[in-house]
Structures are given as C-alpha cells and as structure tokens.
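Here is the structure we will look at, set down as structure tokens.
The values are calculated or read from the model by the stated rules, or taken from the named source; none is laboratory data. Fair warning: this is a prediction, and the values are worked out from it, not measured in the lab. Cβ placement follows ideal geometry from the backbone for every residue including glycine, while neighbour counts extend to all protein chains displayed.
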Amino acid sequence: MTQFLMGVMISVLVTCSTLALSYLVPNSYTSYVVALPPKEKKAAGSLAKVFDIAALSGTGMGAGDASSLDEILAILDSRTIKALVCTEFSLINYYNKKNIDEAIRSFTKDYFVQYDRKSNRITFGCLNKNPKTATLIASRVAILLQDRFNEIRQASSRREREFLERRMALASLDLKRAESEFAAYQKETGIIEIESQTKATIETIGKLQEQLVVYQIELKSVSEVGMGNENPAIISIKIKIKELSRAIEKVGLKTGENSIFINPQKLPDLAIRYLELMKEFKKSEILSVTLAAQLETARISEVRDLEVLTIIDPAFVPDQKSGPKRSIIAGIAGLLTAAAMAISFIATAKDDKPNE
C-alpha cells in the first residue's frame, strides 16, 4: 500500500509540475496575410511578341522565364527576406542567439508560407510572443516581397531593353540598305507600282493595236475599190497606220525613270527582281516598326512598379493566442497520471498477494 501511495504522489507531483511549466511558457500569437498571385501572362516582359519577328532576321531569344507564382514563393522562402526581417525586428535578441544565421533558423520555425492550388491563394505569416510584432512582421514581409519582385522584374526588363536596342540598331541599318536598293532599282527601271504599270502598259498597247487594226481594214477596203496609192485618203490612212505602229513600239520599249510603261518582253525578269527587293524592304520595315513598339514597352516596364499580389486579408493583430495549448497539455498530463496510478495499483496488488 505504501508503494501505491508513493506512486500516486509522484504522479500527482509530475502532473502539477507539467501544468506549472506550461503556464510558464509565454503565449504565442499568429498573424498572417492571405493574397492572390498575379494573373499569368504569356512569357515574361514584351519579348514574347517579337520572337517570331526576331527570327526573321536570324536572331532569337529563348523564352523559359519562370512564372510569377514560382518567383513569389521563392522570394517568400528566401534567406534575403528572412535576414531582413531578423535585422529590422532585432530577432537575434528575441531568440537570444549569437548571430544572424542562428536567428534565421529559429525564425524559420515560426515563419510559414502556404499555397492552396484549389483556391489559388497564398498565405504567409509568423508566430511571435507579441501580437503586434507578429502583425508588423507579416505586413513587412508583404512589402519586402513587392520590392524584391519589382527589383527582379526590372532587371529582366533592363536586359530585355538592352537586347531590343541592339536589335533595333541592326534593323535600322537593314531598313536603310533595303530602302536604298529598292529606290535605286525603281529609278533605274521606272517601276513604281508594278501591277498598275503592267495593267496600264497592256491596256495602252491593246487600244493602240485596236485602232491599228481598224485603219488596216479601212486601208484594205479603200485599196480594193481601186484608189491609187497617190490618193489622199490612202496616204492619210497609211500615215495613221505608221504613227500607231511607232506608238505601239514606243510603249513597248520605252522604260525608265520618265515612263510609266514596262517592256512586256522584260516584264518577267523585272517583276521577279522588283518583288524580291520589295519583299526585303517590307520585311525590314515591319521588323523596325515592331521592334520600336516593343522597345517602348520595355522602357516603360523597366521604370514602373508591378502589382505582385492582390491582398485579400491584410495582416491583423490577433486576439487569441496560438499556443501553447494548455488544455491539451493538461489532458495528456491527466492521462499519464491515471496510467501511472493504474500501474502502481497493479504492482502493489501483486506485492500484497499472499504466497500460495
């Protein structure tokens, strides 16, 4: 019986000590921020729109930029953020550590970052003995995230701008060269707009030939009547026929700077070269215009601040503590006490049982 009472006293003493120690542990409070990540855009920056255009000129850039969500989660879990928080809030003293690395390790245990894919929400915050300090830390992390994200994105925009500026300089040279070659060919051949000029040449020759046929038929009719070659009517018709023939020949052969007509015999070769030069000029022109627009976009992106998160729930000062869970500690201690008493009772019963 003495052993049983001793066991009961020890169990009660351990239980009371456990409860007393649980009350000595200071309360901790949790403050957190709930936010939505930014909507994903195709590729990072404006280069995605000029990949195909840049490919025309033989210069390409790979598009493997990480998503905004991955960047945000990486920044929130980075040593940079944790070190800044530990420094600004004097967490080395708070955790009673010797250096920043030990403080970061202790802070990491109280700091959390969670992402719920189903609701597409990011939750981050920390535990602290002071509820106001916990709130200030959670709010500060949100600001540091914004600053760090902008710093990374602006560096990316700067690299993008520098690439576009180099590519724009090359495109401008290509455009000037293509424009000069095209203008020189137009001056040499007189071709300004090949489709319209070809149509004008064919229509003019057709009308002249139509008039020529009419006069040739008229000449034949007059000759069959018996009029001599000295007849004024015949002479007049022959003069008109000769003038029309010279006009047709002139239209067909006269090409150059001061003529809108194209020699039909040279048309295939002229058209091929014309279309090649025009295609090169148009391609260089489109490339320059597109790069100019994207360069302006990159310059704007480099200097502007980006909205990283849409804050749903800002950090708040918690009213209820997060720990320690004293009711749970008391329950466990009670169970352990009951178990110890049961074991002591069984052991005492065995010792008091008479020997057979």
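In the set GLU160, GLU165, only one residue is farther than 30 Å from LEU76 by Cα, out of contact with any Cys (no Cβ under 7 Å at 6 or more places or on another chain) and not small (Gly, Ala, Ser); that residue is GLU165.
Total residues in segment 141-153 satisfying the condition of being in contact with a helix residue (DSSP H, G or I) (Cβ under 8 Å, 6 or more places away or on another chain) and surrounded by fewer than 17 Cβ atoms within 10 Å (Cβ to Cβ): the figure is 1. Going by the conditions given, is LEU145 modelled with pLDDT of 70 or more, closer than 30 Å to VAL85 by Cα, out of contact with any Lys or Arg (no Cβ under 9 Å at 6 or more places or on another chain) and of a type in the set (A, V, I, L, M)? Answer is yes for this residue.
Condition test on CYS126, is it crowded, with 18+ Cβ neighbours inside 10 Å, in the same structural domain as ASP319 (by TED's automatic domain parsing) and not in a strand (DSSP E or B)? Considered against the rule, which asks whether it is crowded, with 18+ Cβ neighbours inside 10 Å, in the same structural domain as ASP319 (by TED's automatic domain parsing) and not in a strand (DSSP E or B), CYS126 comes out as no.
Results for (1) at pLDDT below 60; (2) within 24 Å of PHE149 (Cβ to Cβ); (3) surrounded by 15 or more Cβ atoms within 10 Å (Cβ to Cβ), shown as yes or no for each residue.
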position	(1), (2), (3)
VAL14	no, no, no
SER22	yes, no, yes
VAL33	no, yes, yes
GLY45	yes, yes, yes
SER57	yes, no, yes
LEU73	no, yes, yes
ILE104	no, yes, yes
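Filtering segment 111-123 to residues that are surrounded by fewer than 19 Cβ atoms within 10 Å (Cβ to Cβ) and within 20 Å of TYR29 (Cβ to Cβ) leaves PHE112, VAL113, GLN114, THR123.
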